[in-house]
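Undergrad: A single structure is presented below for examination.
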Amino acid sequence: MSHFRIAVHITPRRGILDPQGKTVAGALHTLGFASVTDVRVGRYIIVELDATDQSDAERQTREMCEKLLANPVIEDFEIVAHHPDGREAAGGPASLAGRR
Amino acid sequence: MKFGIVVFPGSNSDYDTYHAVVDQLGEEAVYLWHKDHDLQNSDVIVLPGGFSYGDYLRAGAIARFSPIMSDVVAFAKKGGPVIGICNGFQIACEAGLLPGALLRNESLKYICEFVRLRVTSTDTIFSNRYEAGATALMPISHGDGRYTADSETVDRLEGEGRVVFRYLGGPADADEWWSPNGSMRAIAGIVNEQGNVLGMMPHPERAVDPLLGSDDGLAIFESLLSRVGV
């Protein structure tokens, strides 16, 4: 068993109205960031857990996302695995998109 | 008839529901602690309003895993009547008893005010005491009431007469749909496919006495009496 730190990004699904994101985009435009085309505001969750290896940690986290952390009706999730010491997993973010 | 009112940590409309059922309707009500597995032979289950688990993660997301919810879901699957009001509606959606989800109000503001509703379906066990096309005055009090589902689901809800309440009027009280919270097609309340689970954001239990500003909510509880039988 090793200790893992897994980050989960949860964002409103595309096509779902995100008034918070729209408001932030409007503020960015006001500040002169004319290049901004879209902003969506979501949630960032860090789960620390024990698992046999990284794929086991990710599998468990995916199950957590499907059951509780994200609501598939309105949200997408993305899992980014980290090493026990907190660095991102080798080879860049191991993105396991939960989009459909 | 016995109403079982589920009490979650953070429920705040449980007492209002008790008052509506016992004092105004003259029926029996019991509180059901969320950690129990006992519905106490209730004829109707109410998931009351409030802020169960502080609305952490998403409104209703954690309450749906409370021990009693497995019994409530089993009760509903057997055709038992369930009413989810406000936070109870959010919990019912999270639990899969109703389609869709309730998101942050479009204005991003908490809304607490009386709204006018159109009773768009009087052919349910929850609304048969309303006259066809009736309007009803009830308060809303929520930060996350924007009903959202994919358009296919909403089309189905409308086509099958499962939209029971719609918001009406607006600042100028125009006699047309209007979403105070950005709900798709001004949806305020829906029933499931079998018609035995009602979810609604407005609070009928807070509109049961003219002293409160309206008693238009009482008909929901009365409707149940005439259909379910005591």
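Undergrad: Take the residues in region A:1-38 that are away from chain B (no Cβ under 14 Å) and under 19 Å from the mean Cα position of the chain (by Cα); name whichever of them is surrounded by the fewest Cβ atoms within 10 Å (Cβ to Cβ). Show your work before the answer.
TA: Within region A:1-38, the first condition is being away from chain B (no Cβ under 14 Å), and the residues that meet it are A:1-7, A:9, A:28-38.
From the residues that got through so far, the ones that are under 19 Å from the mean Cα position of the chain (by Cα) too are A:4-7, A:9, A:38.
Values: A:Phe4: 23, A:Arg5: 18, A:Ile6: 25, A:Ala7: 16, A:His9: 18, A:Asp38: 9.
Result: A:Asp38.
Undergrad: Can you name the number of the only condition in (1) out of contact with any Leu (no Cβ under 9 Å at 6 or more places or on another chain); (2) over 23 Å from B:Leu137 (Cα atoms); (3) part of a loop (DSSP other than H, G, I, E, B) that B:Gln40 fails?
TA: It fails just one condition, (1).
Undergrad: Filter region B:47-76 for residues that are free of Cβ contacts under 8 Å to residues at least 12 places away in the same chain and not in a helix (DSSP H, G or I) and give the result. Explain how you work it out, then say what you get.
TA: Initial filter on region B:47-76 (free of Cβ contacts under 8 Å to residues at least 12 places away in the same chain): B:56-57, B:62, B:65, B:74.
The answer is B:Tyr56, B:Leu57, B:Ile62.
Undergrad: Would you point out which residue out of B:Gly79, B:Gly96 is within 14 Å of chain A (Cβ to nearest Cβ) and either in contact with a Gly (Cβ under 8 Å, 6 or more places away or on another chain) or not in a helix (DSSP H, G or I) (or both)? Show your work before the answer.
TA: Details: B:Gly79 fails: within 14 Å of chain A (Cβ to nearest Cβ).
None of the others qualify; the one that does is B:Gly96.
Yes/no matrix, rows are residues, columns are (1) surrounded by 20 or more Cβ atoms within 10 Å (Cβ to Cβ); (2) at pLDDT 95 or above:
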| position | (1), (2) |
| --- | --- |
| B:Gly26 | no, yes |
| B:Lys35 | no, yes |
| B:Asp55 | no, no |
| B:Ala76 | yes, yes |
| B:Pro81 | yes, yes |
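The values are calculated or read from the model by the stated rules, or taken from the named source; none is laboratory data. Just so it is clear, the model here is predicted, and its values are computed rather than measured. All Cβ positions, even for glycine, are placed from backbone atoms using ideal geometry, and neighbour counts span all protein chains on display.
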